[in-house]
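Have a look at the structure below before the remarks.
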Amino acid sequence: MPQHDLVVIGAGPGGYVAAIRAAQLGLNVGCVEQEGALGGTCLRIGCIPSKALLEASELYKMAQHHLKEYGVGVDGVKLDLATMMKRKDSVVTGLTTGIAGLFRKNKITRYTGKGRIVAPGKVAVEGAEPVEIDAKKILIATGSYSAPLKGVEVDGNLIGTSTEALGFPTVPQHLVVIGAGVIGLELGCVWSRLGSKVTVLEYLNRILPGMDTEIATEAQKTLQKQGLEFRLGVRVTGARVVGQKCVVECDGQPPVECDRVLLAVGRLPNTNEIGLEKLNIARNQRGFITVDPHTFETSVPGIYAVGDCIPGPMLAHKAEDEGVAAAESIAGKYCHVNYDAIPSVVYTDPEIASVGKTEEQLKEAGIPYRKGIFPFLANGRAKAIGRTDGRVKMLAHAETDRVLGVHIIGAHAGDLIAEAAAAIEFGASSEDIARTSHAHPTLAEAIKEAAFAVDGRTIHL
């Protein structure tokens, strides 16, 4: 019977990073993954393939409509969807095989099959080569799956989840997206750029729930200008295939007929059939595994959990941070994750990025704050590259000036937010950012100007 100091169940961002970090710390590590390729949902059917398609579709849109503004004439632009998909698959393959190489480098034993905890210290691998493994410690990193919606009949073809929307064989004439969250908007933008009419149905009266309202409102206006249709405050009661079409039914409204449906109403923890019930591992009402926030240990000693299967934002980098922390905890070291400094990004165009508290959260908590806003329209680099949509919004404590939240909509917001995350992690004030030299001309100068704006002293506005 194989024996390991640590067995990780799941090789997504939380699991594979934890396995590598634990191996670096001298532990004998095994990792169980049921899919043939390593990397989890993120690398195989999530973050990476969607970003490949977002980039490709944006280039297609630029070539079609905007390159002439830069003095570049392009005639006869046409879409080669098969090549676009082939490139996307190649990017995924390169990264997943890269993780396999990292496993070999760090001497991590890989087991292919479904992992199930049969007892404390024992993991059964069910698959082509079943085996039972002895483990001093076990880490659950099983990720999440697309949430269903009552009445929506997912057939894995015309009505599908993000997995299917990453590989449509043709551009649908009319795509209905159920859910105006990150996944729905990103994939809606991909197919809109490629020629689809995209209708987004959202139960709430706003898009991007949980994001700063001011930024989300501007994002909606921008995406509407690009052609996305939003129907807010709509309760979808059903969706089904009728012949070669789809019919989406909404409470109190006429049904919507379309070619394809993307169901994107969130994700749920993938914690079924891995042995939790037998061991009475505690979960909350939504099915997430509860853990000690300082060690990531579950209610059963010796069993830990990270990533989408525990509470918190369902983000790959959050899972990676937790994976490192859990590995260090298991190795007997101090570990910590600052959840106030975990950024989130929506890779639409313009991108939307956020870290820390929203203005609504500060109001609800009664925390006094000052706000600074700087538009990209007044930024030299944004003008030069023709990307002037959006703004930077900074929130700082009214008494201490400590940065509490930064929210950006604009070009490369996902890259710019790293500075804000570092500032929050180190407890910086808005004055600290304002006094930090930023290269000129860069988009990052908008962050500096937003910091100036907190004190009412912007330079270029």
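May I ask you to derive the relative contact order of the stretch 376-446, considering only C-alpha pairs under 8 Å and at least 6 residues apart, and to give it as an integer percent? Could the numbers behind the result be given before it?
Details: 101 pairs, mean separation 24.2, N = 71.
In percent, rounded to a whole number, it is 34.
For the stretch 280-339, just say rounded, prolate or oblate: build the C-alpha gyration tensor, square-root its eigenvalues into a ≥ b ≥ c, call rounded for a/c under 1.5, and beyond that prolate if a/b exceeds b/c, oblate if not. Working shown, then result.
Details: a/c = 2.20, a/b = 1.14, b/c = 1.94.
Verdict is oblate for the stretch 280-339.
Using +1 at the C-beta of Lys and Arg and -1 at the C-beta of Asp and Glu, which of Asn272, Cys250, Ala316 has the Cα lying farthest in the positive direction of the dipole of the stretch 228-357?
Cys250
Of the listed pairs Lys86/Lys197; Lys150/Lys225; Lys61/Lys357; Lys88/Lys137; Lys88/Lys197; Lys88/Lys122, which have alpha-carbon separations greater than 28 Å here? Each step should come with its number before you reach the end.
Values: Lys86/Lys197 24 Å; Lys150/Lys225 32 Å; Lys61/Lys357 34 Å; Lys88/Lys137 37 Å; Lys88/Lys197 23 Å; Lys88/Lys122 38 Å.
Exceeds cut-off: Lys150/Lys225; Lys61/Lys357; Lys88/Lys137; Lys88/Lys122.
Take Glu273, Glu218, Glu249 and sort them by solvent-accessible surface of the protein heavy atoms, 1.4 Å probe, largest at the top.
Solvent-accessible surface, decreasing: Glu273, Glu249, Glu218.
Would you rank Met314, Met394, Met84 by solvent-accessible area, highest first, keeping every protein chain in place and using a 1.4 Å probe? Intermediate results must be reported in sequence, preceding the final value.
Working: Met314 65, Met394 0, Met84 25 Å².
Largest accessible area first, the list is Met314, Met84, Met394.
Rounded to the nearest 20 debye, what is the charge dipole size of the stretch 248-324 about its Cα centre when +1 sits on each Lys and Arg Cβ and -1 on each Asp and Glu Cβ? Kindly include the intermediate steps, with their values, before the conclusion.
Numbers: 6 positive and 12 negative charges, 39 e Å.
Using Cβ point charges on Lys, Arg, Asp and Glu, the stretch 248-324 gives about 180 debye.
Which are the unpartnered cysteines of the chain, meaning those with no other cysteine Cβ under 4.7 Å from their Cβ?
Isolated Cys, the chain: Cys31, Cys189, Cys246, Cys250, Cys258, Cys309, Cys335.
Which trypsin sites (Lys or Arg not before Pro) in the stretch 99-147 pass both tests, a DSSP loop state and at most 13 other beta-carbon atoms within 10 Å? Write down the numbers at each step before the final one.
Details: sites: Arg104, Lys105, Lys107, Arg110, Lys114, Arg116, Lys122, Lys136, Lys137; in loops: Lys107.
Of the trypsin sites (Lys or Arg not before Pro), the ones in loops of the stretch 99-147 whose Cβ has at most 13 other Cβ atoms within 10 Å are Lys107.
Could you pull the accessible area for Cys189 with a 1.4 Å probe, rounded to 10 Å²?
Ignoring ligands and nucleic acids, Cys189 comes out at about 0 Å².
Taking amide H atoms as placed 1.01 Å from N in the peptide plane, list the residues 5 or more away in sequence, or in a different chain, whose amide H sits under 5 Å from that of Tyr304.
Ile138, Leu139, Ile140, Thr298
For Gly390, which sequence-distant residues (separation of 5 or more, or a different chain) have an amide H within less than 5 Å of its own amide H, given hydrogens modelled in the peptide plane?
HN-HN under 5 Å from Gly390: Phe376.
For the chain, give me the percentage of DSSP beta bridges that are antiparallel, rounded to the nearest 5 percent.
60 percent
Quick one: which residues, 5+ away or cross-chain, put their amide H under 5 Å from the amide H of Lys197? H built at 1.01 Å from N.
Counting only residues 5 or more places away or on other chains, the set is His174, Leu175.
On full extension of the chain, what length is gained from Glu277 through Ala422, given 0.36 nm per residue of separation minus the C-alpha to C-alpha distance?
Numbers: separation 145, 0.36 × 145 = 52.20 nm, distance 3.97 nm.
The Glu277-Ala422 span can extend by a further 48.2 nm.
Computed from the coordinates I sent, Cα extents along the principal axes in Å equals one of (i) 100, 56, 45; (ii) 116, 94, 29; (iii) 66, 62, 45. Tell me the label.
Structure-derived value, by its label: (iii).
Along the positive direction of the dipole of the chain (beta-carbon charges: Lys, Arg +1; Asp, Glu -1; about the Cα centre), which of Ile424, Tyr70, Ala331 reaches farthest?
So the residue we want is Tyr70.
For a quick size check, give me the Cα extents of the stretch 339-461 along its three principal axes, largest first, whole Å.
40, 29, 22
What whole number of Å gives the distance from the Cα centroid of the stretch 387-421 to the Cα centroid of the stretch 65-126?
For the stretch 65-126 versus the stretch 387-421, the Cα centre distance is 30 Å.
For the charge dipole of the stretch 185-233, defined by +1 on Lys and Arg C-beta atoms and -1 on Asp and Glu C-beta atoms about the Cα centroid, which residue among Asn205, Ser192, Leu232 has the Cα displaced farthest towards the positive pole?
Sorting the options by dipole projection puts first Ser192.
Counting only helical runs of four or more DSSP H residues, what would the 222 nm mean residue ellipticity of the chain come to if each run contributes -39,500 (n - 2.57) and the total is spread over all its residues?
Roughly -9500 deg cm²/dmol at 222 nm, from the helical runs in the chain.
Using alpha-carbon pairs under 8 Å, 6+ residues apart, how would you state the relative contact order of the chain in percent?
14 percent
For Thr170 and Leu67, what is the calculated FRET efficiency with R₀ set at 35 Å and r taken between the beta-carbons, to the nearest 0.05?
The formula returns an efficiency of 0.90 here.
For the stretch 139-149, take each phi angle, set θ = phi - 60°, evaluate the Karplus expression 6.51 cos²θ - 1.76 cosθ + 1.60, and give the result in whole Hz per residue in order, putting x for glycine and proline.
10, 8, 9, 8, x, 8, 9, 5, 6, x, 9
Could you derive backbone 3J(HN,Hα) for the stretch 295-302 from the dihedral phi with the Karplus parameters 6.51, -1.76 and 1.60 (θ = phi - 60°), listing whole Hz in sequence and x where the residue is Gly or Pro?
With coefficients 6.51, -1.76 and 1.60, one gets 10, 6, 7, 7, 5, 9, x, x Hz.
Along the stretch 80-87, what does the Karplus equation 6.51 cos²θ - 1.76 cosθ + 1.60 (θ = phi - 60°) give for ³J(HN,Hα), rounded to whole Hz, x for Gly and Pro?
10, 4, 4, 5, 4, 5, 5, 5
Are there chymotrypsin sites (Phe, Trp or Tyr not before Pro) in the stretch 315-423 that DSSP marks as loop and that have at most 16 other Cβ atoms within 10 Å, and which are they?
Answer in residue order: Tyr334.
Give the Cα extents of the stretch 83-231 along the principal axes, in whole Å, largest first.
That works out to 56, 36, 32 Å along the principal axes.
The values are calculated or read from the model by the stated rules, or taken from the named source; none is laboratory data. Here the structure is a predicted model, which is why all the values come from computation and not from measurement. Glycine gets a Cβ as well: all are built from the backbone with ideal geometry, and neighbour counts include every protein chain shown. Side chains are part of the model used for accessible areas, which takes the heavy atoms of the whole protein and leaves out ligands, DNA and RNA. Shrake-Rupley method; radii C 1.70, N 1.55, O 1.52, S 1.80 Å.
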